[in-house]
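Have a look at the structure below before the remarks.
The values are calculated or read from the model by the stated rules, or taken from the named source; none is laboratory data. Not measured: the values here are computed from a predicted model. Note that we place each Cβ from the backbone using ideal geometry, even for glycine, and neighbour counts take in every protein chain shown. Quick note on the areas: whole protein, heavy atoms, side chains included, nothing else; ligands and nucleic acids left out. Shrake-Rupley method; radii C 1.70, N 1.55, O 1.52, S 1.80 Å.
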Amino acid sequence: QVQLAESGGGLVQPGGSLRLSCTAAESILNFYAMGWYRQAPGNERELVAIITNGGSTHYVDSVKGRFTISRDIAKRTLYLQMNSLNSEDTAVYYCNAKKIGTAAWGQGTQVTVSS
């Protein structure tokens, strides 16, 4: 069973920045893709950003130019650098790792953007 441990959420003012981390218990090259999803109250969970095993990235339009997904293979860690945060970014953020036929989720980390 894939284990993912997230960290880095918190309270930040509008315009501020946060970096989320997701560390896997195994090599992240075992996954064909890893990504960040978020779920705001009353909303469905949505994809924020994804990075493939080959390093290709994709972002939802609402975060393009503000968020950056990256990884450190040696540290088995996925990152999400979030800049220029606004209230619409408030949500629980989840790390996701995909293998053929299965996927794993982190426990979620709360990001709250408020003055």
Leading residue at positive end of dipole, the chain (Cβ point charges), from Ser70, Tyr37, Leu85: Ser70
Segment 8-115 - percent of accessible surface contributed by carbon and sulfur, probe 1.4 Å: 47
Long-range amide H partners of Ala33 with built H, under 5 Å: Asn53, Lys98
Alpha-carbon Rg with Dmax, taken over the chain, Å: 13.3, 42
Placed amide H near Val48: partners under 5 Å, 5+ positions off or other chain: Trp36, Tyr37, Arg38
Within the chain, percent of DSSP bridges classed antiparallel, to nearest 5: 95
Net dipole in debye of the chain [+1 Lys, Arg Cβ; -1 Asp, Glu Cβ; about Cα centre; nearest 20]: 280
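Per residue, how many Å² of accessible area does segment 38-85 show with a 1.4 Å probe?
Ligands and nucleic acids excluded, the result is 55 Å² per residue.
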Exposure rule at most 15 other beta-carbon atoms within 10 Å, DSSP loop GluC sites (Glu not before Pro): the chain longest free segment: 45-115
Distance between segment 13-29 and segment 74-112 - C-alpha centres, whole angstrom: 6
Per-residue ³J(HN,Hα) for segment 82-98, Karplus 6.51 cos²θ - 1.76 cosθ + 1.60, θ = phi - 60°, Hz, x for Gly and Pro: 10, 10, 6, 5, 9, 4, 6, 8, 5, 4, 8, 9, 10, 8, 9, 10, 10
In sequence order, calculated HN-Hα J values of segment 47-64 (Karplus, 6.51, -1.76, 1.60; Hz; x Gly/Pro): 6, 9, 7, 9, 10, 8, 4, x, x, 6, 10, 8, 10, 5, 4, 5, 10, 4
